[in-house]
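See structure below.
The values are calculated or read from the model by the stated rules, or taken from the named source; none is laboratory data. These numbers were taken from a predicted model, which means no experiment stands behind them. Backbone-built Cβ (ideal geometry, glycine too); neighbour counts: all protein chains shown.
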Amino acid sequence: MRAAFFRWLDRNDDGRWVLRLDANRFVYLDVDETPYVVRSLRWEGARPMARLSDDSEEPLACATLRLHPAGGALVTVKHRFDARLSTAAWNALQDHLTTRDGAAWLDAEGGPYKLR
């Protein structure tokens, strides 16, 4: 069921979350925070790789990494969904984070990236 949930998860143009089997079979649902969590993170050279809550893995979209006002960090995954970084994933970034000019920066492939 967990794998099916992530396969069917979608977001309509109006912003509502939906589990969609096909055009005629779907159900709306509420997502309290983010639908995905970056559970862990590993480095391939200078490129961080994110392991997501659906057990998929993808390069971390460093340019989308941002600090959440309530604490923690968010990143865009699968080119369109927000994901919260777990404590383990955040800790894996620590050695690559610096502070310059009063802002946090991530030193990674294609960067450095200023955290928003």
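Might you check whether a residue that is under 17 Å from the mean Cα position of the chain (by Cα), surrounded by 15 or more Cβ atoms within 10 Å (Cβ to Cβ) and closer than 19 Å to Y113 by Cα occurs anywhere in the stretch 22-41?
yes
For the stretch 49-72, check the following and say yes or no: at least one residue is surrounded by fewer than 13 Cβ atoms within 10 Å (Cβ to Cβ) and touching an Asp or Glu at 6+ places or on another chain (Cβ under 9 Å).
No, every residue in the stretch 49-72 fails to be surrounded by fewer than 13 Cβ atoms within 10 Å (Cβ to Cβ) and touching an Asp or Glu at 6+ places or on another chain (Cβ under 9 Å).
What residue, among those in the stretch 73-83 that are touching a residue at least 40 places away in the same chain (Cβ under 8 Å) and within 18 Å of G15 (Cβ to Cβ), is surrounded by the most Cβ atoms within 10 Å (Cβ to Cβ)?
Residue satisfying both the conditions and the ranking: A83.
Of all residues in the stretch 1-35, which are within 21 Å of S53 (Cβ to Cβ) and assigned to a strand (DSSP E or B)?
Result: L9, D10, R11, W17, V18, L19, R20, V27, Y28, L29.
Restricting to the stretch 57-72, name every residue that is at pLDDT below 95 and either under 24 Å from A4 (Cβ atoms) or in contact with a Phe, Trp or Tyr (Cβ under 8 Å, 6 or more places away or on another chain) (or both).
G72
List pairs: first residue in the stretch 50-70 and outside the structural domain of R80 (by TED's automatic domain parsing), second residue surrounded by fewer than 18 Cβ atoms within 10 Å (Cβ to Cβ) and modelled with pLDDT of 95 or more anywhere in the structure, Cβ distance under 7 angstrom, at least six positions apart or on different chains.
The qualifying pairs do not exist here.
In the set R25, R2, which member is of a type outside the set (G, A, S) and in contact (Cβ under 8 Å) with a residue 12 or more places away in the chain?
R2 is the lone residue from the list that is of a type outside the set (G, A, S) and in contact (Cβ under 8 Å) with a residue 12 or more places away in the chain.
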